Amino acid sequence: MIELYQFEVSQYSEKVRLILDYKGLEYRKIEVTPGVGQMDLYKMSGQRQVPVLKDGDTIIADSTDIAFYLDRKYPEKPIIPTDPVKRGQCLLIEEWADESIGTKGRIALIGALNQNPNFRTSVLPKEVPDFLKTLIGAVPGDVLSALGTGVGFGPDAVKEATKALKQDLEALSLILEHQPYLVGDEITLADLAVAGLSIILKQPAGDYLDIPDTLKGKGIPGLADNTTYDAFFLWRDRLYMDYRKPLSFKPSSGDSPTTIDIE
């Protein structure tokens, strides 16, 4: 069986999960404990980042490389067009989505966590004690912003990322108001990449991820709740309903991913 080494809340892992579900492939999720313990993953794949896919003796790192591999190995439901123009558009959008929604979305999310104590505590794992959630929520946002500046997540970076994402979401909404998919009338890797990566902006409302119910349907204030982008998120949610398998209906993985500690 295919094994996906992942983080459950990783937008790049979700991109691969959506592709696997669309193709109807069974797979087992293996949750990698983040931190210094990722040396075994590095030994296996050559990198410490997820997702990493293992299919028999074949190991592929990077969500884009995984997508290309899956389309070659399991071509029954192709996601990369053969028409030159559509193929070019698909690959261009997929690469753009990784850098825009994936990278800028992470920066905007950090900014939202810094600025909103309630949002900050709501994303903590349910195992975290209430008293610790209270302490984390009480940390002043300007302190967190100052800490984030040194790693590229300061107020200016957050502002620029959020501004760019608003333009991107408006553009996507305009396209999807006039055609069913991003590259014409058929679903492609462009759609699956954009939809999967967008969980960092707004979580889908259904039972697709092993996250607290309070987070489902929620996202970055100003993006997830802005009616200007309704066309995009309605499209994303319809795509999930059509192709993403809810957790309770995935016999290969059960309701929760297998967890491994890499030390």
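The values are calculated or read from the model by the stated rules, or taken from the named source; none is laboratory data. Note that this is a predicted model, so its numbers are computed, not measured. Reconstructed Cβ throughout: ideal geometry from the backbone, glycine too, with neighbour counts over all protein chains shown. When the accessible area is computed, the model is the full protein with side chains, heavy atoms only, and any ligands, DNA or RNA have been set aside. Shrake-Rupley method; radii C 1.70, N 1.55, O 1.52, S 1.80 Å.
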May I ask you to say which residue of THR103, THR64, THR82, THR33 is surrounded by fewer than 22 Cβ atoms within 10 Å (Cβ to Cβ), of a type in the set (S, T, N, Q) and in contact with a helix residue (DSSP H, G or I) (Cβ under 7 Å, 6 or more places away or on another chain)?
-> THR64
Selection status of SER45, crowded, with 16+ Cβ neighbours inside 10 Å, of a type in the set (S, T, N, Q) and within 24 Å of LEU165 (Cβ to Cβ) = no
Please work out which residue is most open to solvent (accessible area, probe 1.4 Å), limiting yourself to the stretch 2-18 and to residues that are within 16 Å of ILE60 (Cα to Cα) and in a helix (DSSP H, G or I).
-> TYR12
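Evaluate the following for TYR27: is it of a type in the set (Ser, Thr, Tyr) and open to solvent by less than 10 Å² (accessible area, probe 1.4 Å)? Steps first, please.
Numbers: of a type in the set (Ser, Thr, Tyr): yes; open to solvent by less than 10 Å² (accessible area, probe 1.4 Å): yes.
Taking the combined requirement at face value, the residue satisfies it.
Going by the conditions given, is ASP185 closer than 29 Å to LEU247 by Cα and exposed (fewer than 14 other Cβ atoms within 10 Å of the Cβ)?
Values: closer than 29 Å to LEU247 by Cα: yes; exposed (fewer than 14 other Cβ atoms within 10 Å of the Cβ): yes.
Judged against the criteria, ASP185 is a match.
Name the residues in the stretch 39-69 that are among the aliphatic types (A, V, I, L, M) and within 13 Å of THR188 (Cα to Cα), would you? Steps first, answer last, please.
Initial filter on the stretch 39-69 (among the aliphatic types (A, V, I, L, M)): 39, 41, 44, 50, 52-53, 59-61, 66-67.
Answer for the stretch 39-69, where residues must be among the aliphatic types (A, V, I, L, M) and within 13 Å of THR188 (Cα to Cα): just ALA67.
Report, by residue number, each residue of the stretch 85-100 that is open to solvent by less than 70 Å² (accessible area, probe 1.4 Å) and under 16 Å from SER198 (Cβ atoms). Steps first, answer last, please.
Within the stretch 85-100, the subset open to solvent by less than 70 Å² (accessible area, probe 1.4 Å) is 88, 90-91, 93-94, 97-98, 100.
ILE93, GLU94, ALA97, ASP98, SER100, listed by residue number.
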Of ILE60, ILE66, ILE80, the only residue that is assigned to a strand (DSSP E or B) and either on the phi < 0 side of the Ramachandran plot or among the aliphatic types (A, V, I, L, M) (or both) is ILE60
By residue number, the members of the stretch 216-238 that are open to solvent by 20 Å² or more (accessible area, probe 1.4 Å) and part of a helix (DSSP H, G or I) are THR227, THR228, ASP230, ALA231, LEU234, ASP237, ARG238
For the stretch 31-46, pairs from a residue that is at positive phi and assigned to a loop (DSSP other than H, G, I, E, B) to a residue that is modelled with pLDDT of 75 or more and open to solvent by less than 70 Å² (accessible area, probe 1.4 Å), with Cβ under 8 Å and 6 or more apart or across chains, are GLY46/ALA61
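Test ASP168 against the stated conditions and say whether it is more than 14 Å from the chain's Cα centre (by Cα), acidic (Asp, Glu) and surrounded by 19 or more Cβ atoms within 10 Å (Cβ to Cβ).
Values: more than 14 Å from the chain's Cα centre (by Cα): yes; acidic (Asp, Glu): yes; surrounded by 19 or more Cβ atoms within 10 Å (Cβ to Cβ): yes.
When the stated conditions are applied, ASP168 passes them.
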